[in-house]
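The values are calculated or read from the model by the stated rules, or taken from the named source; none is laboratory data. Quick caveat, the model's predicted, so the values are computed rather than measured. In this analysis, Cβ positions are derived from the backbone assuming ideal geometry, glycine residues included, and neighbour counts consider all displayed protein chains. Just the protein is used for accessible areas: all its heavy atoms, side chains included, with ligands, DNA and RNA removed. Shrake-Rupley method; radii C 1.70, N 1.55, O 1.52, S 1.80 Å.
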Amino acid sequence: MDVTKDLNPVESRYMTGLYRLWESKGRLSTGVLASIFSVRPASVVDVLDRLEEKGLIERPRWGRIAFTRKGLATATKIIHNHRVLELYFRDRLGIPVSEACRQAGRIDHLVGDLVVRKMCEKLRYPERCIHGNEVRHTVCRRG
Ligand SMILES: [Zn+2]
Ligand SMILES: [Zn+2]
């Protein structure tokens, strides 16, 4: 069930990018995605094809993207890891915000569940990440 480790860094970055879009706009499109990653729409389509093959997204109509149930669970988990890691890096290790975010982005899809859960516990299940976005603890705190 844990597909996060099958994602390469680019695919993982797309999943978190999609999640952020979905979180702020409530819907997803290929065009906006190309602009936030500042790449050609063609390269976006390439990555989206792979995410679709992995069963993480579906594209009901041209230009529109939706998370599958598995995709949303995966993105929620990676984003949770990202926000916990960057908070830990800044608050516990004194690393500046931009660097904390960048380093978190390199390992957020790879870090083990136990490590994240322990970090989250140490941080006392924070409500907001270092950018002020909500941290949802559905992954680490059952019930
Ligand atoms: Zn960040
Ligand atoms: Zn948590």
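Separation of region 15-52 and region 121-141, taken as the distance between their Cα centroids, equals 24 angstrom. Taking 0.36 nm per residue of separation and subtracting the Cα-Cα distance, full extension of the segment from Thr68 to Lys122 would add 16.3 nm. Across the chain, Cα-Cα distances exceeding 23 Å account for 33% of all pairs.
Entry comment: accessible area of the chain is 57 Å² per residue, from protein heavy atoms only and a probe of 1.4 Å. For region 48-130, the gyration tensor built on C-alpha atoms gives a prolate shape. Its axis ratio a/c (a ≥ b ≥ c) is at least 1.5, and a/b is the larger of a/b and b/c. Taking amide H as placed 1.01 Å from N in the peptide plane, the amide H of Ile57 sits under 5 Å from that of Glu52, Thr68, each at least 5 places away or on another chain. Dipole size in debye (nearest 20) for the chain around its Cα centre, Lys and Arg Cβ +1, Asp and Glu Cβ -1? With Lys and Arg at +1 and Asp and Glu at -1, about 340 debye. From most to least packed by mean Cβ count within 10 Å, the peptides 76-89, 106-119 give 76-89, 106-119. The calculated pair-distance distribution of region 1-46 uses every alpha carbon pair, bins of 5 angstrom beginning at 0, and gives 5, 20, 30, 23, 16, 6, 1 percent.
A cut-off of 5 Å between modelled amide H atoms, ignoring neighbours fewer than 5 places along the same chain, links Val135 with Arg128, Cys129. For region 77-122, the convex hull spanned by the alpha carbon atoms encloses 55 Å³ per residue. In the chain, the DSSP-assigned H stretches of four residues or longer account for a calculated mean residue ellipticity at 222 nm of -18000 deg cm²/dmol, using -39500 (n - 2.57) per stretch and the full residue count as denominator.
Distance between the pseudo-spin-label points of His137 and Asp113 (7 Å out from Cα toward the beta carbon): 1.7 nm. Extension gain for Arg50-Val97 works out to 13.8 nm (0.36 nm per residue, less the C-alpha to C-alpha distance).
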